[in-house]
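Data first, discussion second: the structure below is written as structure tokens.
The values are calculated or read from the model by the stated rules, or taken from the named source; none is laboratory data. It should be emphasised that the depicted structure is a prediction, and the values quoted were computed from it without experimental measurement. Don't worry about glycine lacking a Cβ; one is built from the backbone with ideal geometry, like all the others, and counts go over all protein chains shown. For the accessible areas, the whole protein counts, side chains as well, though only heavy atoms, and no ligand, DNA or RNA atoms are used. Shrake-Rupley method; radii C 1.70, N 1.55, O 1.52, S 1.80 Å.
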Amino acid sequence: MINDLWYKNAVVYCLSVGTYMDANGDGIGDFEGLTRRLDYLQGLGITTIWLMPFQPSPGRDNGYDVSDYYGVDPRYGTLGDFVEFTHGCQQRGMRVIIDLVVNHTSDQHPWFKAARSDPKSKYRDWYVWSKTEPKNATSGVVFPGVQKSTWTRDAAAKAWYFHRFYEFQPDLDTANPHVQAEILKIMGFWLELGVSGFRMDAVPFVISAKGARVPAKPPEQFDMLRRFREFLQWRRGDAIILGEANVLPEDDMKYFGGDGERLQMVFNFQANQNLFYALATADSRPLKKALNATKPRPATAQWGMFLRNHDELDLGRLTRPQRAAVFAAFGPDASMQLYGRGIRRRLMPMLGGDRRRLELATSLMMTLPGTPVIRYGDEIAMGDDLRLKERECARTPMQWSTEPQGGFTKSDRPVSPVISGGPYGFEHTNVADQRRDPDSFLNWLERIIRMRKEVPEIGWGDFQFIPTRTKEVLAIRYDWRRNSVLFVHNLGAEPREVTIEPGAEGEHDGILVNLLSGDHSEPDQKGRHRILMEAYGYRWFRIGGLDYLLRRSEV
Ligand code: NOJ
Ligand code: CA
């Protein structure tokens, strides 16, 4: 049954164990603490938890420097605690996907230690070496300003090793069949422990040819993705890979494969960047363009839609003037920008603390073609701490209550400072207060998630833009199984009246049923709707009469 593709109508929530909830009072979030919060997440309506890396790691890149792929970092608990956690999720009907970071290891990984100290080690060829410094060593750094080179000399190995990211993250030679076999083994291991798939880190770099002599644009080995996928589905039929690939739309499609034989999901970075551009300029056209460019995907494939993630808001794919416009609107100070291409703030401070804009952005994420991926803390509109370096500013502990340390830990030395004071401090911004307040953002989000799950047309259907003749107002319609829905968003700070012809089908009586309030819209004789959109307003409509639920059961 095609409905089995659970990721088509999922609501994903991303968190890192270390900053979520500390149960044993040592200041570091742990699996036990997270497990105690599963009822909270279920109540919010989350269907899938994406765990950021939690394996043993020196922790120099928030765990994206793994030193043992088959364990749990002791700071977070044990493998036993992990299994309790996945079991707890299963009991509540929630799935878990975990980060799979196999482009590189930590330089403290025993494989790398063996590789550098012993040229005869079988692990030597698991990494990428060069006797001399390659000519292109300073090009292609991912963290400009912080990372100087992609090749570093290792004294013990008497050779240079390749690292796409920081120098403590030596790249694995992913073309090596032994490395590929190990990647499969890692996936197989975690699948046995109850996960439903992986968020695959840095996919373009995983599949890129690596080495001192590769051309400036190295060939990609897409077939590797099909092999990962096949293995995954032999082991667990409903497991998926959600790829992190910030590439151009024409390349995006290759990550899905023409028949959807590669990754099931890929984050839509195009839509993300253009969404922020659209919000910054109140102009929906670039967003439409990005959505059209990423429209033709295989039927089984799905986009991951997100607002902010744990990295900087990467604007690298926008034009220079576009990027300047987003910087000016959302991150004007140098301290808010990062790597010359992005903004490192959290969502709510970027939006000027304006609840209307936060609802607008969130409503867009929920209704654009794909599956929403929410970042922990954004459900209560948490802020950032720009005193922390690089991307750490947006990775502070979850704010649960007005208790000391926001209820995150009983220790007075949390792993990262809890935001305190001011509008985003835990004293004002926390889960406990927002739960009690029916008008809080948390409760708004809970309601919107509930409705989002009742609109599978978004994840499954085909979309088209409906003209509004107003660049500020975006109208998008989905059709699936004789049901149609329409979403209208006003990106502008001024109210706008728009006239919309949603193109009701013959069987529909032309009413637009408002899914979020009692304010339905009747068409005029020509089938047109006049809709007054307040500043930053949004509407979720079902096209046709109130009998849509009956129609749904017919299919
Ligand atoms: C992408 C991750 O999102 C980022 O946080 C990390 O630093 C790099 N990959 C390296 O693993
Ligand atoms: Ca702890």
May I ask for the equivalent-ellipsoid semi-axes of region 275-322, computed as the square root of five times each C-alpha gyration tensor eigenvalue and listed largest first in whole Å?
-> 21, 15, 10
Checking region 362-430 for trypsin sites (Lys or Arg not before Pro) in a loop per DSSP with at most 10 other beta-carbon atoms within 10 Å yields R387, K389
The computed P(r) of region 160-226 puts the percent of Cα pairs beyond 14 Å at 65
On a 0 to 90° scale, report how tilted helix 223-235 is relative to the longest principal axis of the chain, with both axes built from alpha carbons and the result rounded to the nearest 10.
-> 80
Give me the distance between the Cα centres of region 431-486 and region 108-144, rounded to whole Å.
-> 47
Sum -39500 (n - 2.57) across every DSSP H segment of at least 4 residues in the chain, then divide by the residue count to get the 222 nm mean residue ellipticity, nearest 500.
-> -8000 deg cm²/dmol
Kirkwood Rh (inverse of mean 1/r, distinct Cα pairs), region 1-133, angstrom = 16.6
Cα-based helix-to-principal-axis angle, 177-192 vs the chain, degrees rounded to 10 = 50
Could you work out how far apart the two model spin labels at F189 and N292 are, taking each label as a point 7 Å from the Cα in the direction of the beta carbon, and quote it in nm?
-> 4.8
Residue farthest toward the positive end of the dipole of the chain, with Cβ of Lys/Arg at +1 and Asp/Glu at -1: which of L15, G421, G93?
-> L15
Tally up the carbon and sulfur contribution to the accessible surface of region 188-327 as a whole percent, 1.4 Å probe, everything protein left in place.
-> 52
Quantify, in whole percent, the carbon and sulfur part of the accessible surface of region 30-71 (1.4 Å probe; protein heavy atoms only).
-> 42
Report P(r) for region 194-331: all Cα-Cα distances, bin width 5 Å, range 0 to the bin holding the largest distance, values in whole percent.
-> 2, 10, 18, 20, 17, 15, 10, 6, 2, 0
Accessible area per residue of the chain at 1.4 Å probe, in Å²?
-> 39
D437-E250 pseudo-label distance in nm [points 7 Å out on the Cα-to-Cβ vector] | 4.9
How much net charge surrounds K254 when only other residues with a Cβ under 9 Å from its Cβ are counted (Lys, Arg +1; Asp, Glu -1)?
-> -3
For the chain, taking Cα atoms only, what is the radius of gyration to one decimal and the Dmax to the nearest whole Å?
-> 23.7, 82
P(r) over all Cα-Cα pairs of region 251-296, 5 Å bins from 0 to the longest distance, whole percent per bin, short to long, reads 6, 23, 26, 18, 13, 9, 5, 1
Over region 115-232, what relative contact order in percent results from Cα pairs under 8 Å that are six or more residues apart?
-> 22
Rank by packing, highest mean first: peptides 526-538, 193-205, with packing defined as the count of other Cβ atoms within 10 Å averaged across residues.
-> 193-205, 526-538
So which of K131/K254; K210/K295; K158/K210; K8/K185; K135/K389 end up more than 22 Å apart by C-alpha?
-> K131/K254; K210/K295; K8/K185; K135/K389
Order these peptides, 359-368, 325-334, by their mean beta-carbon neighbour count within 10 angstrom, highest first.
-> 359-368, 325-334
Within the under-10-Å Cβ sphere about Q169, not counting Q169, Lys/Arg +1 and Asp/Glu -1 give a net charge of -3
So what's the angle, to the nearest 10 degrees on a 0 to 90 scale, between helix 269-281 and the longest Cα principal axis of the chain?
-> 50
What nm distance separates the two modelled labels at E182 and D39, each placed 7 Å from Cα along Cα→Cβ?
-> 4.3
